[in-house]
Amino acid sequence: MTAKKPLLSIQDLHAKVEDKEILKGVNLEIFPGEVHAIMGRNGSGKSTLSYTLMGHPRYTVTSGKILFKGEDIVEMSPDQRARIGLALAFQYPVAIPGVSVSNFLRASVNAVRGKEIPVKEFRAELKEKMKSLGVPNEFLSRYINDGFSGGEKKRLEILQLALLKPALAVLDETDSGLDIDALKTVSEGINTLANPETAVLLITHYQRILNYVEPQFVHVFQDGRIIKSGGADLSKELEARGYDWVSQELTPSGVS
Amino acid sequence: MSAELIHDQSIGNIGNDYSQYGFQDKEDYVFKSGRGLTREIVEKISSMKNEPEWMLKYRLRALDIFLKKPMPKWGNCGLLDSIDFENIFYFVRSSERSEKSWDDVPEGIKQTFDRLGIPEAERKFLAGVTAQYESEVVYHSIREDLEAQGVVFLDMDSGLREHEEIVRKHFGTVIPAADNKFSALNSAVWSGGSFVWVPEGVKVEIPLQAYFRINAENMGQFERTLIIAEPGSFVHYIEGCTAPTYSTDSLHSAVVELIAKPGAHIRYTTIQNWSKNVYNLVTKRAVAHTDAKVEWVDGNIGSKLTMKYPAIHLVGERAHGEVLSIAFAGDDQHQDAGAKMVHAAPNTTSMVVSKSISKNGGRTSYRGLVKVYPNAKGAKSNIKCDALLLDEKSRSDTYPTMEIDEKDVTIEHEATVSKVGEEQLFYLMSRGLTQDEATAMIINGFFEPFTKELPLEYAVELNRLIQLEMSGSVG
């Protein structure tokens with residue numbers, strides 16, 4: 001056996017939106033099956049990282065690398081990235097009126113798996129996943145995110161990840177705007193998702209979700225980069241002492 | 001002498017005076033053309049068809065109107081003025097049609113047939129190579145069922161021969177020859193089209209498709225269709241198809257008249273996908289009597305210029321009208337479409353849903369009229385226009401006109417113009433769909449309110465066609 005290779009390796013990543021540099025030298029390695037959490041204040045650039053990973057056209061990488069399964073994906077379109085095993089659960093999933101959830105899910109699963117799955121087989125798999133996530137049947141005939149509540153949108157995101165079985169699932173503030181019951185259901189979904197085949201990168205503002213989903217690694221994000229990394233304990237310390245504690249700790253004396 | 005045949009004043013004039021709404025031209029415009037169409041041609045058409053005297057007079061009167069009427073000064077005037085009436089053959093008998101060969105059909109159209117999987121026989125018909133569409137067997141059994149119910153479903157020429165009295169009573173009562181320049185032209189030289197008569201109380205279960213009627217005039221230049229639904233009856237009529245229809249005739253100008261008598265229900269579905277050399281200038285109008293319901297389901301995909309504003313005159317109490325339309329305009333296309341709802345009786349209701357997509361510099365326009373006459377108390381009208389632009393070069397305009405002469409009414413109008421959202425595309429692409437697949441999915445979703453009203457085979461074909469359009473592989 002060779003030594004384990006990282007699934008994702010982000011190396012000194014810089015990215016901008018329009019002319020504003022948001023990511024300023026991100027370094028991060030994720031190995032298969034690991035669960036990581038990135039925590040940071042609003043505006044620290046966390047969401048930019050998730051969009052840049054997935055290849056949003058408005059986010060331009062100016063330098064650095066994103067190696068996924070050993071391959072630099074910076075030039076890849078979002079659909080190419082999806083097909084090699086990257087997936088993003090959106091903080092604000094958009095509505096697409098007129099497109100039913102069931103048609104969309106099937107098209108998406110076929111595209112990512114690279115083959116037509118027989119309708120019957122797909123239905124069976126879908127029903128099972130929906131059941132475990134507590135997603136009601138009527139979701140299937142509704143239009144994508146159209147008129148969905150916040151909790152319904154997040155559940156649909158998790159359902160998609162469960163069907164796509166990505167090698168890396170990036171969850172962008174999946175906990176925001178959820179009440180406690182919804183948070184529990186969604187967290188259970190994430191825990192089912194996280195397995196040796198699927199690594200998880202949780203991006204969050206609050207420690208709250210980490211009561212239900214236990215990461216092995218926690219990173220503190222500030223001003224476009226990771227400023228501190230640690231184990232699960234780090235999130236508890238952050239909760240107790242606030243983000244200022246990390247920034248103060250890292251600010252050398254004499255420098256404001 | 002035959003004025004009453006051209007003009008049924010009681011219905012014909014309702015809502016015809018569009019001059020106040022920008023729908024008509026100044027009368028001082030001098031028309032100079034007309035050399036392409038002569039009295040002799042019209043007389044010849046009528047005599048070849050062995051028509052009764054009154055129809056010949058009707059045609060000649062319409063010819064005078066056509067020659068006198070100026071071209072519309074609204075819509076796409078530049079394109080309209082480029083129509084060369086002298087270069088148009090106004091009537092060619094089927095047997096005299098020059099034999100066209102499959103080799104003459106443009107490559108792009110053949111490829112689209114391929115990709116849509118259109119059966120061989122149907123391709124030739126759509127391409128105008130054969131006049132026969134081999135659905136004769138299918139139609140035969142349908143025809144027997146219809147006959148048993150007393151339903152008449154014929155081409156217009158046969159309709160006039162076999163049911164002269166019904167035709168004479170209704171022909172031109174909804175759309176008089178003088179309505180506009182192109183209805184006058186059609187009235188003078190019409191040929192082909194459908195004649196449908198549904199007896200009182202009869203519900204026609206299966207949609208009547210123009211396809212079933214097998215002759216070349218089916219897709220003629222100057223079709224004339226008249227559908228009469230007697231009290232309490234129902235009929236759904238479908239014309240056109242989603243596959244591109246190749247025509248060497250550059251001007252198509254149909255007139256379609258629907259009459260829904262008390263409690264009757266007519267649904268008229270059109271899918272127009274003419275090849276991109278065609279000017280499609282159509283006048284469609286329905287009259288809905290007490291408790292009657294009329295629906296125009298109208299899809300415009302092809303042609304160079306389409307000008308079409310299906311109208312419903314709600315003349316009886318509680319009559320209901322709906323127009324549900326989509327338009328798709330690509331490179332060098334202008335879809336100028338809309339709806340006219342005329343409320344002439346109390347508690348009449350109407351609804352318009354219009355959806356358009358412009359791509360590659362294509363242009364779509366919504367041109368609509370809602371007119372409420374005094375004393376049409378309790379009238380309700382709801383109009384919704386959504387336009388989707390796929391790029392910066394494309395264009396969409398809305399020209400709504402309201403003429404409300406009654407206070408006790410509810411009129412709602414909502415119009416949106418949007419672009420295919422970057423966020424929507426990114427969302428679908430992040431789920432593995434290519435940009436073309438994602439765009440096609442968003443567009444199919446946008447058209448869904450329309451598509452779901454179509455018979456399944458039409459809906460499936462339309463979705464596939466949009467996918468082809470999106471991947472730029474349609475000729």
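We did not get these values from a lab; they are worked out from the coordinates using the rules stated. What you are looking at is a predicted structure, and each value in this text was computed from that prediction instead of being measured. In this analysis, Cβ positions are derived from the backbone assuming ideal geometry, glycine residues included, and neighbour counts consider all displayed protein chains.
Of note:
- A:Lys236-A:Ser63 pseudo-label distance in nm [points 7 Å out on the Cα-to-Cβ vector]: 4.0 nm
- Once the C-beta distance of A:Glu75 and A:Gln11 is scaled by a Förster radius of 22 Å, the resulting FRET efficiency is 0.90 to the nearest 0.05.
- Separation of segment A:137-184 and segment B:193-209, taken as the distance between their Cα centroids, equals 48 angstrom.
- Three semi-axes of the equivalent ellipsoid, chain A, Cα gyration tensor, whole Å, largest first: 31, 21, 18
- The lysine pair tally for segment B:372-475, using Cα distances under 29 Å and a gap of 8 or more places or different chains, is 9.
- Segment A:170-255: GluC sites (Glu not before Pro) in DSSP coil with no more than 13 other Cβ atoms inside 10 Å: A:Glu197
- For B:Ala387, distant residues with modelled amide H under 5 Å away: B:Ser356, B:Thr416, B:Val417, B:Ser418
- The aspartates and glutamates whose alpha-carbon is closer than 13 Å to the alpha-carbon of A:Lys127, local same-chain residues fewer than 8 away aside, are A:Glu138.
- The lysines whose alpha-carbon is closer than 21 Å to the alpha-carbon of A:Lys16, local same-chain residues fewer than 8 away aside, are A:Lys24, A:Lys46, A:Lys65.
- When the pairs B:Lys69/B:Lys308; A:Lys4/A:Lys120; B:Lys44/B:Lys73; A:Lys129/B:Lys355; B:Lys169/B:Lys293; B:Lys44/B:Lys69 are compared against a 29 Å limit on Cα-Cα distance, A:Lys4/A:Lys120; B:Lys44/B:Lys73; A:Lys129/B:Lys355 fall above it.
- Angle between chain A longest axis and helix A:150-164 axis [Cα atoms, degrees, rounded to 10]: 80 degrees
- GluC sites (Glu not before Pro) lying in DSSP loop within segment A:25-93, provided at most 11 other Cβ fall within 10 Å: A:Glu75
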